[in-house]
Structure formats: C-alpha cells, structure tokens
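Peer 1: Questions regarding the structure given below will be posed in turn.
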Amino acid sequence: MTSKQRIEVTVNGTRHVREVEPRLTLADFLRHELHLGGTHVGCEHGICGVCTVLIEGRTARSCLTLAVQCDGADVTTVEGLRDPETGALHPIQQAFVDGHGLQCGFCTPGFLMSTVELLRRTPQPSEEEIKEVLGGNLCRCTGYKHILESVQLAARRLETPQAG
Ligand code: FES
Ligand code: FES
C-alpha cells in the first residue's frame with residue numbers, strides 16, 4: 001500500500017491542499033479531486049495534447065505529470081481563462097468561437113492553453129510559428145484551417161481589441 005502525500009497546489013488562483021497517491025496524474029487530480037472537467041484526457045501518452053495545462057505559465061501535458069510534482073506550483077486550466085469578475089470568455093476563447101475553431105470541442109481546451117502560451121511569448125506569430133506550436137495538438141474534426149485562423153484572429157484582437 002502506498003502512503004499518500006500532502007500537496008498544496010494553486011489552481012486558477014485558488015489554493016488547494018490534498019492528500020494524494022504518488023502515482024495520481026495531474027489530469028486525474030484536476031478532474032476527479034477538483035472536479036475541473038475542462039481538462040480532457042485522450043491518449044494518456046503525451047501525443048494528443050487535449051490534457052494541456054499551464055504550470056507556472058508554461059504548457060505541460062497533465063497526463064504525463066504527477067500531481068505530487070506540482071506541489072507548491074501555480075496551475076492554470078481552461079476554466080481559469082474566463083474573466084473572474086464578469087465571466088466573459090477570454091479573447092482567445094471568443095476568437096475560437098467566432099473563427100469556428102472548434103466542432104465537437106474535445107480538443108479545444110488543449111489548443112486554447114497552447115495558444116495562450118504562444119501569444120504571450122510571440123504576440124504576432126507567423127503562420128509557420130502557429131503551425132509549429134499547434135502541431136503538438138491533435139484535432140479530428142476541423143481540418144485545422146479554422147483553428148489556425150482563430151489563432152490569427154485572437155492575435156489581431158489582443159493587439160487591437162476592435163479588430164474583426
Ligand atoms: S491525454 Fe495527454 S497528451 Fe493525450
Ligand atoms: S473539434 Fe473535435 S477533435 Fe477538435
């Protein structure tokens with residue numbers, strides 16, 4: 001029998017203290033302990049990217065990360081993107097809606113979190129830079145064209161909020 005380990009993790013600005021099994025993944029911790037179902041689980045092998053979250057502002061596969069590795073860390077999930085005051089969608093989320101960057105939506109949280117990191121680092125990325133970063137996320141519905149265009153729309157809007 002493995003002994004549980006106490007961890008303190010800040011998720012979307014809220015501190016959580018839990019006793020967890022050392023083998024518990026961050027994805028399962030978020031989904032089952034904290035009931036944050038926005039982080040999806042697909043391949044569980046680091047391939048599909050649907051489980052992508054930000055740890056200390058950097059993207060990470062939550063299916064390949066243990067919850068105990070996040071002790072003391074700051075984690076952001078897709079639920080943390082909305083404006084906490086108004087509940088409004090983050091500009092990147094709105095751009096995916098307006099740009100038809102999703103169909104079933106299963107892959108969307110991963111694409112959104114990857115885009116957050118991309119546009120923080122490179123506010124006006126080239127098409128090649130977008131493809132390079134989003135190449136780590138799989139989508140079975142859209143054919144990627146609308147996702148690419150949604151990221152470009154988000155980049156324009158973040159620079160000039162009135163941009164269409
Ligand atoms: S579920 Fe984590 S990369 Fe696929
Ligand atoms: S929108 Fe369905 S998998 Fe991407």
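Peer 1: Read phi for every residue in segment 122-133 and hand back ³J(HN,Hα) as whole Hz from Karplus 6.51 cos²θ - 1.76 cosθ + 1.60, θ = phi - 60°, with x for Gly and Pro.
Peer 2: 9, x, 10, x, 6, 4, 5, 5, 5, 4, 4, 6
Peer 1: Using DSSP to call loops (not H, G, I, E or B), can you name the trypsin sites (Lys or Arg not before Pro) in segment 121-158 whose Cβ has at most 13 other Cβ atoms within 10 angstrom?
Peer 2: 140
Peer 1: Over segment 52-124, what is the relative contact order in percent, taking alpha-carbon pairs closer than 8 angstrom and at least six residues apart?
Peer 2: Relative contact order comes out at 35 percent.
Peer 1: Just in segment 45-115: which GluC sites (Glu not before Pro) are loop by DSSP and have at most 12 other Cβ atoms within 10 Å?
Peer 2: Listed in order of number, the matching sites are 56, 85.
Peer 1: I've got another one for you. Based on DSSP H runs of at least 4 residues, each adding -39500 (n - 2.57), what is the mean residue ellipticity at 222 nm of the chain after dividing by all its residues, to the nearest 500 deg cm²/dmol?
Peer 2: -8500 deg cm²/dmol
Peer 1: Give me the extension gain from residue 19 to residue 58: residue separation times 0.36 nm, minus the current Cα-Cα distance, reported in nm with one decimal.
Peer 2: Full extension from residue 19 to residue 58 adds 11.6 nm.
Peer 1: Once phi is turned into θ = phi - 60°, what whole-Hz ³J(HN,Hα) does the Karplus curve with 6.51, -1.76 and 1.60 give for every residue of segment 137-147, x standing for Gly and Pro?
Peer 2: 10, 9, 9, 9, 10, 8, x, 6, 4, 6, 5
Peer 1: Quickly work out the residue 43-to-residue 159 label distance, labels modelled 7 Å from Cα along the C-beta direction, and quote it in nm with one decimal.
Peer 2: Inter-label distance under the simple model: 3.2 nm.
Peer 1: Estimate the FRET efficiency between residue 82 and residue 129 by the formula 1/(1 + (r/R0)^6), using the beta-carbon distance for r and 22 Å for R0, to the nearest 0.05.
Peer 2: In this case the efficiency is close to 0.25.
Peer 1: Which shape class, rounded, prolate or oblate, goes with segment 26-164 when its Cα gyration tensor gives a ≥ b ≥ c as root eigenvalues, a/c under 1.5 marks rounded, and past that a/b bigger than b/c marks prolate?
Peer 2: Prolate, since a/c reaches 1.5 and a/b exceeds b/c.
Peer 1: Another question, if that's okay. List the trypsin sites (Lys or Arg not before Pro) within segment 1-107 that fall in a DSSP loop (any state other than H, G, I, E or B) and whose Cβ has at most 16 other Cβ atoms within 10 Å.
Peer 2: 4, 23, 82
Peer 1: Between residue 120 and residue 69, what is the spin-label point distance in nm, taking each point 7 Å from the Cα along the Cα→C-beta axis?
Peer 2: Taking the simple label geometry, residue 120 and residue 69 are separated by 1.8 nm.
Peer 1: Under a point spin-label approximation (7 Å from Cα along Cα-to-Cβ), what is the residue 2-residue 35 distance to one decimal in nm?
Peer 2: 2.5 nm
Peer 1: Please check: in the Gaussian network model of the chain (C-alpha springs, under 10 Å), which one of 74, 28, 83 has the largest mean-square fluctuation.
Peer 2: Of 74, 28, 83, the most mobile in the Gaussian network model is 83.
Each reported figure results from applying straightforward, stated rules to the coordinates on display, with no laboratory input. Here the structure is a predicted model, which is why all the values come from computation and not from measurement. All Cβ positions, even for glycine, are placed from backbone atoms using ideal geometry, and neighbour counts span all protein chains on display.
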